[in-house]
Protein chains: 2
Amino acid sequence: MDERTPISANSLEISKNVLGEYAPIYKNELLQNILPFWLSNSKDDKNGGYFTCLNRQGKVYDTDKFMWLQGREVWCFSYMYNHVEKNSAWLNMALHGARFMQQFGRDEIGNWYFSLTAEGKPLVQPYNIFSDCFATMAFASLDKAQPNAEYKKIAIETFENIIQRQHNSKGIYSKAYPGTRNLKNFSLPMILCNLSLELEHIIGKERVDSFIPTVINEVMNVFYQEDLGLVLENVYEDGSFCDSFEGRLLNPGHTIEAMWFIMDLGKRLEDEALVKKACNIMLDTLDYGWDKEYGGIFYFLDVKGNPPQQLEWDQKLWWVHVEALVALAKGYAYTKDDRCADWFKKIHDYTWQHFKDPEYGEWFGYLNRRGEVLLDLKGGKWKGCFHIPRALYQVWKTLESL
Amino acid sequence: MDERTPISANSLEISKNVLGEYAPIYKNELLQNILPFWLSNSKDDKNGGYFTCLNRQGKVYDTDKFMWLQGREVWCFSYMYNHVEKNSAWLNMALHGARFMQQFGRDEIGNWYFSLTAEGKPLVQPYNIFSDCFATMAFASLDKAQPNAEYKKIAIETFENIIQRQHNSKGIYSKAYPGTRNLKNFSLPMILCNLSLELEHIIGKERVDSFIPTVINEVMNVFYQEDLGLVLENVYEDGSFCDSFEGRLLNPGHTIEAMWFIMDLGKRLEDEALVKKACNIMLDTLDYGWDKEYGGIFYFLDVKGNPPQQLEWDQKLWWVHVEALVALAKGYAYTKDDRCADWFKKIHDYTWQHFKDPEYGEWFGYLNRRGEVLLDLKGGKWKGCFHIPRALYQVWKTLESL
């Protein structure tokens, strides 16, 4: 990175060039470091599926299989096969995970378990609808790589099941007493829209288009608070503010990730005002969520400045930072707003300096507030083969097209 | 503390004196700082019950009512009334919380909700059996202060309900798939024994004595691992080690707290070998759990040295440190082992320097690894009027009796 031309202030031409220069860095990291790391370390040759609990060196330290991460890795390798190159090692890796998911992943009514043992025995019940979301993504994407009636069937059935469960997604596992404080969470409308896009080749453009206005309205008018310039994680069912731990919660990384989805929807709809609005919310969230003392983006904040209930609130997480890089690359590509270029450079420097492991493969996931490594795992219960490769791909392609 | 005589190495006489000198410090802190803080800040005069979410200055920042903390505060003020002095303000404070608990705390079959709104509407279902445990303690202790058939009835009915639920304590809220990995947790046998002691004036010595051998066996032979010298949080139902996130989990504070319960049981049984064994496990756990780089006791560790799943693993929590002070005071009083006096001094210094707020009342609860304040709340969803006053009382009385 030393040979990089510095960004000179407010010069659109130069900052254009500068961001363009980042493209090969992201491409190389994806192809030379990240994908090979998962290919060589996460495959369970004996039982099928993937190990995701990998230590700093890539060695398996726990063999449980979390369905979020199984689905995400199938999606990732299929996606790279579909979009980067027809690399048969990637397709085989995706097929390897999909077979395990097909065989062991669901209960008798088609809900996806949260986790399984290495051998595929159910460990944790299907209480978490995101297992189903990532399974849908996995089989939709794999079906693009290798069309197959069974993959289509799994993807569509799971999608319809999610739609049915969406207003009571935890079902019998919900601990909320019904009626006292009915909140809705910002994740599900986002992910439904995203899923429908993944399924477009199966369910068709019309059905996808039917999801988009609702999602845009929910995110940009209900969860987004005009007066604060911020997006809340949870609001009352009527959209109003709930003064509770859940209601006051901000998750800057989540907002920023959502804003690049919305920018992409804006592009699809050719709605420039929407793109701009999403880009501005993203930039405002960065301003708010950036740690002015130590750098990096906070994990959780309380909108009233009260102590959040999450003890990990001040930690710096990999996914937050790589999603911010995607949002900034897209924001810059779509709006040419110089603030995006400036922020991109700042967050690029922070991210590559702190998250990338200079000695072994892949990146660290969890840093403390000061940016020091808190857990040196490369994969675990929540970190797998997903955010980093997806972000590297998105940034590479976005900046390459400038 | 500056006038304190320094502990000179291995001199039993001097270290005896030194620990004795700490007694008034603990007494004053309890009576001048901690109890007044909760008396003046946590009472909800309008709705009944207690606010526990108090910011650094003692101001309420969230009004939800968590049954753990309602029960613990009733217990605390009753206990102080029973053991320190017949202060009517304390008794009234306990009665104030108990009325709210009686009126709103239980569902139709007598399980205690996890949380309520300020007004007493149920928010979170009774998924957590510790709500019931602290309710039992509350009404048993209050019944000692002001004998009352209704308090006795609530205490006993809740206790019998806990015993019935003990092997499936999460009931319908459990997410574990039955049969794949049946683990048992070390908390429940401990707390059952502790509860029976609280109820001794109601259920009688014989019933209490019937609980003790099981608990001692579970803790000292099943959860304690001779080869490691450590206590595991979770083991298979047959007592064997489970190589999973749950099975590898160590919670040094929890072990240390359990060891002072066991030492007290050892005293009751006049079993000196048991007292000594518990004291040694406590000291070994301190050696293992002490952060050699920054000081303080880690919150969570993995017995194999793998990354724990708890992102807050390296934080320093108030209850861990004050429970260690109790364990060390008792360990010293019961065994006269000099290591207890040395550790007491070291942890006393760390705790009073880092947790006590030099400007406002009460103590901080959550520090980062370096011992800097992570959340400046004085009470929240999990921190209330319990560990600090109980520990200050226990240390005061134990050291005063030397």
### Query
What nm value, rounded to one decimal, do you get for the distance between B:Tyr236 and A:Glu21 when each label is placed 7 Å out toward the C-beta?
5.9
### Query
Over the range A:188-241, what is the mean sequence separation of C-alpha contacts under 8 Å (at least six apart), divided by residue count, expressed as relative contact order in percent?
27
### Summary
Summed over the other residues with a beta carbon less than 13 angstrom from that of B:Arg207, with K and R at +1 and D and E at -1, the charge totals -4
### Query
Given +1 on the Cβ of Lys and Arg, -1 on the Cβ of Asp and Glu, and no further charges, what dipole in debye does the range B:282-330 carry about its Cα centre, rounded to the nearest 20?
100
### Task
Convert 25 °C to kelvin, take the viscosity as 0.890 mPa s, use the Kirkwood radius over C-alpha pairs of the range A:289-352 as Rh, and evaluate the Stokes-Einstein diffusion coefficient in µm²/s, rounded to a whole number.
194
### Message
Using a 7 Å offset from the Cα along the Cα-to-Cβ direction at both A:Asp271 and A:Asn28, what is the distance between the two label points in nm, to one decimal?
### Response
4.0
### Query
Taking N as the number of residues in the range B:247-304, what is its Cα Rg relative to 2.2 N^0.38 Å?
1.24
### Summary
Surrounding charge for A:Gly253, neighbours by C-beta under 12 angstrom, Lys/Arg +1, Asp/Glu -1, total -2
### Query
Hey, what's the Kirkwood Rh for the range A:96-171 if you take every pair of different alpha carbons, in angstrom?
12.5
### Three-way shape call for chain B based on the alpha-carbon gyration tensor, with the a/c threshold at 1.5
rounded
### Message
Need one number: nm distance between label points at A:Asn280 and A:Glu85, each 7 Å from Cα along Cα→Cβ, rounded to one decimal.
### Response
4.3
### Task
Would you tally the net charge around A:Ser115, using a Cβ to Cβ cut-off of less than 12 Å, leaving A:Ser115 out, and scoring K and R as +1, D and E as -1?
+2
### Query
Past the 32 Å Cα-Cα mark, which pairs from A:Lys346/A:Lys381; A:Lys27/A:Lys144; B:Lys43/B:Lys277; A:Lys276/B:Lys59?
B:Lys43/B:Lys277; A:Lys276/B:Lys59
### Task
Report the extension gain between A:Asn168 and A:Glu200 in nm, rounded to one decimal, defined as 0.36 nm multiplied by the number of residues separating them, less their alpha carbon distance.
9.0 nm
### Message
Within 10 Å of each Cβ in B:55-65, how many Cβ atoms from other chains are there, averaged over the peptide?
### Response
3
### Message
What would the Debye equation give as log₁₀ I(q)/I(0) for the protein assembly as shown at q = 0.07 Å⁻¹, counting only Cα atoms as equal point scatterers?
### Response
-0.57
## Note on the structure
Computed ³J(HN,Hα) along the range A:165-180: with the Karplus parameters 6.51/-1.76/1.60, θ = phi - 60°, integer Hz and x for glycine or proline, the list is 8, 4, 8, 8, 5, 8, x, 5, 8, 6, 9, 6, 6, x, x, 6
#### Entry: chain A, helix-only ellipticity at 222 nm - DSSP H runs n ≥ 4, -39,500 (n - 2.57), divided by all residues, nearest 500
-16500 deg cm²/dmol
#### Entry: Cβ charges +1 (Lys, Arg) and -1 (Asp, Glu), total dipole of the range B:339-402, debye
300
### Query
Shortest first and in nm to one decimal, what separations exist between B:Lys346 and its copies in the other chains, measuring from label points 7 Å along the Cα-to-beta-carbon line?
4.3
### Task
Decide, for the range A:123-275, between rounded, prolate and oblate: order the square roots of the alpha carbon gyration tensor eigenvalues as a ≥ b ≥ c, take rounded if a/c falls under 1.5, and otherwise choose prolate if a/b is larger than b/c, else oblate.
oblate
### Query
Using alpha carbon centroids, what distance separates the range A:251-327 and the range B:316-330, in Å?
39
## Note on the structure
Expected integer from the mean partner chain Cβ neighbour count at 10 Å over A:172-185 is 4
### Task
Starting with the highest mean, order A:255-266, B:211-222 by the number of other Cβ atoms within 10 Å, averaged over the residues of each peptide.
A:255-266, B:211-222
### Cα-Cα P(r), the range A:187-292, percent of pairs per 10 Å interval
15, 46, 30, 9, 1
### Query
Listed highest first by mean packing, meaning other Cβ atoms within 10 Å per residue, what order do A:362-372, B:60-70 come in?
B:60-70, A:362-372
### Part-to-part distance (alpha-carbon centres) for the range A:26-97 and the range A:372-402, which is given in Å
13
### Query
Hey, if you put +1 on the Cβ of every Lys and Arg and -1 on every Asp and Glu Cβ in the protein assembly as shown, which of A:Phe37, A:Phe134, B:Tyr393 ends up farthest toward the positive end of that dipole?
A:Phe134
### Summary
One decimal, nm, nearest first: from A:Asp238 to the same residue in each other copy, label points 7 Å out along Cα→Cβ, the values are 5.8
### Rounded, prolate or oblate (a/c below 1.5 giving rounded, otherwise prolate when a/b exceeds b/c) for the range A:218-261 by Cα gyration tensor
prolate
### Message
Students often check this: by mean Cβ neighbours within 10 Å, which of B:94-104, B:320-330 ranks highest, and how do the rest follow?
### Response
B:320-330, B:94-104
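Values quoted throughout were computed directly from the atomic coordinates according to the rules given, and no laboratory measurement underlies them. Not measured: the values here are computed from a predicted model. Because the Cβ atoms are built from the backbone with ideal geometry, glycine has one as well, and the counts that use them run over all protein chains shown.
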